[in-house]
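Read through the structure below, which is laid out as structure tokens, and then see the notes.
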Amino acid sequence: MRSRAEAEPAVRVDRLTVEHHREPLGIGEAAPRLTWATVAGAGWTQGGYEIAVDRGGRTTTGWVEGGESVLVAWPGAPLRSRERVEVSVRVRGKDGSTSDWSAPTAVEAGLLSPEDWTAVPVGPGPGTPPDGVWLLRREFDVRGDVVAARLYLTAHGVAEAEVNGAAVGEDVLAPGWTSYVHRLQYATHDVTALLRPGANVLGIRLADGWYRGLVGFDGGTREVYGDRVAVLCQLELHHADGTTAVVASGPDGWSAAPAPTSSASFYAGERHDARSDDRSWSTPGTPTGSWRPARDVSPRDPGTLVAPEGPPVRCTQEVEPVSVTPLEPGTFLLDFGQNLVGRLRLRVQGPRGTLVRLRHAEVLQDGRLCTRPLRGAPSVDEYVLAGGGPEQWEPRFTLHGFRYAEVSGWPGGLAPGAVTARVQHTDMERTGWFECSDPLVTRLHENVVWSMRGNFVHLPTDCPQRDERLGWTGDIQVFAPTAAFLYDCTGMLRSWLRDLAAEQLPDGTVPWYVPYVPGGPIWSPPRPGAVWGDAAVLTPWDLFERAGDRQVLVDQYDSACAWVDLVTRLAGPGRVWDQGFQLGDWLDPAAPPEDPTASVTDPHLVATAYFARSTDHLARTAEAIGRPEDAARYGALAAEVRAAFRSRYVTAEGRMTSDTQTAHALAICFDLLLPEHREPAGTRLAHLVRSSGNRIATGFAGTPLVTEALTRTGQVPTAYDLLLCAELPSWLYTVRQGGTTIWERWDSLLPDGSVNPGDMTSFNHYALGAVADWLHRTVAGLAPAEPGYRRVLFQPQPGGGLTWARARHRSPYGEVAIEWHWTDGRLDVEVEVPTGATGTVQLPLQAPREIGPGRHRLTADVPPDWADR
Ligand code: BGC
């Protein structure tokens, strides 16, 4: 306790985090890096820090000189497998002031070496029916005083564990989907509190999941990874006397029985018959049901087991219906007011044997669910009541994308709270917010957030509802800057990038989607395609820029080089990538609905522009990780590609050969033009936008760039006109049509309210929401000027009649924020810079100003028409 006379220190360590973990339990890094954010008065600068690690005896680094606070190297000896330590830090200012020690953060290593695994996969064996769900159980004795118990759990399939009838953790669809052949994630759970002296039971529910179930297109492909589901787990009991007992999956003592859930599949949905529920199946004794010895199945190389780098999928929100419409007796139409991804939880009471059916859809047509866009994913859950009292049920091994649900077979009336939507996604920490005076733009931003939530489910997917749900590389490539602002997704995307590298073909080809599954003649075998394959270079860079993690660049470097080297070979000495199949400006609104690749912009122009972009970023990457020779080589190559781009795709007068929004946006944003052609290109782009009535005319390649290109060439008013247009096609058209997520097509819903008849009509696709990055950086005016926001650029470019905007982001250094109000020719701006960072403020018509940590108020005279001059 501090005595009254002692004042609180003027500086305090606000949070201490470990790598990119939300909860550092069972981590895979033996020497995890540490990040802390400090809260101090304006002008305070860190002059040094001291890290203490308590490994049963406390050691400290002593004072280390320096201002570092982000991803600081682990002090001292690496962690051993299972080792649990407590870490704290204190900081000292250049002015000599010191903070208290931060509250200790517990860090626990997982199983770091293949030798730690004695478990082998065990399951129901071969020949089991598809989509079946299994219960596996193992009884064991607890002898002596257990001081800590850990369950290391993974599966060929998806699994949930129980110990003595109690659920272990809240993870959903664990272990998620990785490139299973190369990497299978295991989770670590603290189960100490669930054990009791004497007889105990470890129970596992196991379903096909991605391993054996249907994944991919056209209804999906089965058994992509194997035909036998299995659990792989190791329960380790640490006793007070220092001894350890291990209960591992394997040939001994495990039995298996079919679960009352007779089928579970991502696409079809789940069916559960509560009449055969035996709630005691995971408690000691003899459970009911047809149990038989479980079998040793498909071996697993423990060298492929990895600890997760990001958080698990969990329920993050519950949403009640905003309306319930009775359709016929026992049948109700529910509107949750928000297109979301998750499952319905029922609270129901009725006669035994009553079948309640749940159907899901993103949209209605003629007052009924429109399920056509779901294609081969019927998304129907069924529950058969046990009867005899209130019952509660939620599917476990499926996920649906929906705003509406039809509930049929419901006994009696549907009371409030009877059917609740539970939102599920990777449980990343929210880090970014944006709002402005135009409610439609604010809603657009909210739609982007929801589409991110719906598609960050273990991996970044294109869509969550139909028979696809794949890790399309192009979609995340364009969306990553937005994603990294909104949520701390570095851990999750880092892990996915390792899968990308693992699945890259020997010649450097990046699959269209990762993990790869067979997908018909266009996608299988994978072929190199621009925009999509460029994720290998550009997405690591985005994470470096936003999260400040240089190691991502190091880890992905070979993969990035392999991609650029491949494109270099494909382009040949001419440096123009003009051969082969390209998706180009995919889903250009002018392309015929049945051929989204038929964009107005030459696909090879897009490909060559991206070749230049990736080569340039690879040069920067090489520079950032200390490979100057590579940097010079790729830098020179990038210059050659830019020159080749100009001679092929830019006329002598500086016109693009494809006179389109996308071609101009690419050329401007990727710096492909001669200096004298930049401004004319901007003028031409503005002309193209105006002559289309301010409607958007871009697909996946152009959309993230078009407002940025206008901004960079002094056409800010046109950028706002484009943003604020509400006619088809435009961002705000989708909002005006009632969209609550970002759509795949600009016209997923047609003006008459009917659903686009195209085969690909998702209402939850984040790619076209990449404009949110421009909202953050330009409308609000908050951008990283140095990796990890160590220096922040505050450069609001007001326009479009907006009177205020604000954004904030929790950077590795702490919160960065801006808010501006623009009235009567006066722009009032308030910004916040966290300790350890600095800022540059660039207000219209003013010289840039450097600022330090703290809150700052600034004012500028900005006449209403400033941008038009
Ligand atoms: C997906 C995408 C993807 C595209 C590539 C679509 O089916 O939904 O968003 O990037 O195919 O062609």
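Computed from the coordinates by the stated procedures, all read-outs in this text should not be read as laboratory data. Quantities reported herein were computed from a predicted structural model and do not represent experimental measurements. Virtual Cβ from ideal backbone geometry, glycine too; neighbours counted across all protein chains shown.
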>> Quick check: pseudo-label points 7 Å beyond the Cα along Cα→Cβ at L440 and Q551, how many nm apart are they?
In response: 4.6
> If you build the Cα gyration tensor of the stretch 566-633 and take the root of 5 times each eigenvalue, what three semi-axes come out, in whole angstrom, biggest first?
Replying inline: 30, 13, 7
> Under the Karplus relation 6.51 cos²θ - 1.76 cosθ + 1.60, θ = phi - 60°, what is the ordered set of whole-Hz ³J(HN,Hα) values for the stretch 215-221, x standing for Gly and Pro?
Replying inline: 9, x, 8, 6, x, x, 10
> Which value, in debye to the nearest 20, gives the size of the charge dipole of the stretch 4-109 about its Cα centre, when Lys and Arg are +1 and Asp and Glu are -1 at the Cβ?
Replying inline: 120
>> How big is the dipole moment of the stretch 129-231 about its Cα centre under a simple scheme where the beta carbon of each Lys and Arg is +1, that of each Asp and Glu is -1, and everything else is neutral? Debye, nearest 20, please.
In response: 240
>> Can you divide the C-alpha Rg of the stretch 455-723 by 2.2 N^0.38 Å and report the result to two decimal places?
In response: 0.96
>> Could you work out the percent of alpha carbon pairs in the stretch 711-864 separated by over 24 Å, rounded to a whole number?
In response: 43
>> Please compute the volume of the convex hull spanned by the alpha-carbon atoms of the chain and report it per residue in Å³.
In response: 180
> the stretch 314-424: D in µm²/s via Stokes-Einstein (Kirkwood Rh, Cα pairs, 25 °C, 0.890 mPa s)?
Replying inline: 175
> Rg and Dmax of the stretch 4-109, using alpha carbons, in Å: what are they?
Replying inline: 14.0, 45
> Which FRET efficiency value, to the nearest 0.05, do you get for S647 and A31 by plugging their Cβ-Cβ distance into 1/(1 + (r/R0)^6) with R0 = 35 Å?
Replying inline: 0.10
>> Per-residue counts of other Cβ atoms within 10 Å, averaged by peptide: what ranking do you get for 436-443, 489-496, highest first?
In response: 489-496, 436-443
> Say each of D824 and T657 gets a label point 7 Å from the Cα, pointing the same way as Cα to Cβ; how far apart are those two points in nm?
Replying inline: 5.6
> Dividing the alpha-carbon Rg of the stretch 212-296 by 2.2 N^0.38 Å yields what?
Replying inline: 1.44
> What's log10 of I(q)/I(0) for the stretch 61-203 at q = 0.13, 0.19 Å⁻¹, Debye sum over Cα points only, no solvent?
Replying inline: -0.80, -1.28
> Looking only at Cα atoms, what is the convex hull volume of the stretch 409-507 per residue, in Å³?
Replying inline: 166
>> Could you check the spin-label model distance between H687 and D218? Points 7 Å from the Cα along Cα→Cβ, value in nm.
In response: 4.6
> Running Debye on the stretch 54-121 with equal point scatterers at the Cα sites and no solvent, what base-10 log of I(q)/I(0) appears at q = 0.21, 0.24 Å⁻¹?
Replying inline: -1.01, -1.20
> Residue by residue, what Karplus-based ³J(HN,Hα) values in Hz, rounded to whole numbers, does the stretch 452-459 have, using 6.51, -1.76 and 1.60 with θ = phi - 60° and x for Gly and Pro?
Replying inline: 5, 4, x, 10, 9, 10, 6, 9
>> Name the residue from V755, A639, P329 whose Cα lies farthest towards the positive end of the charge dipole of the chain, charges +1 on Cβ of Lys and Arg and -1 on Cβ of Asp and Glu.
In response: P329
>> Compute for the stretch 696-740: radius of gyration divided by Kirkwood radius, i.e. Rg/Rh, restricted to C-alpha atoms, rounded to two decimals.
In response: 1.00
> For the stretch 158-275, taking Cα atoms only, what is the radius of gyration to one decimal and the Dmax to the nearest whole Å?
Replying inline: 16.3, 57
> Could you give me the ³J(HN,Hα) list for the stretch 523-533, computed from phi with Karplus coefficients 6.51, -1.76, 1.60 and θ = phi - 60°, whole Hz, x at Gly and Pro?
Replying inline: 9, 10, x, x, 10, x, x, 5, 6, 6, x
>> Could you tell me the calculated FRET efficiency between S113 and R855, based on Cβ-Cβ distance and R0 = 30 angstrom, to the nearest 0.05?
In response: 0.05
> In bins 5 Å wide, starting from 0, what share of all Cα pairs of the stretch 114-310 does each bin hold, as a percent?
Replying inline: 1, 8, 17, 21, 21, 16, 10, 4, 2, 1, 0, 0
> Along the principal axes of its C-alpha atoms, what lengths does the stretch 748-828 span, in descending order and rounded to whole Å?
Replying inline: 47, 36, 15
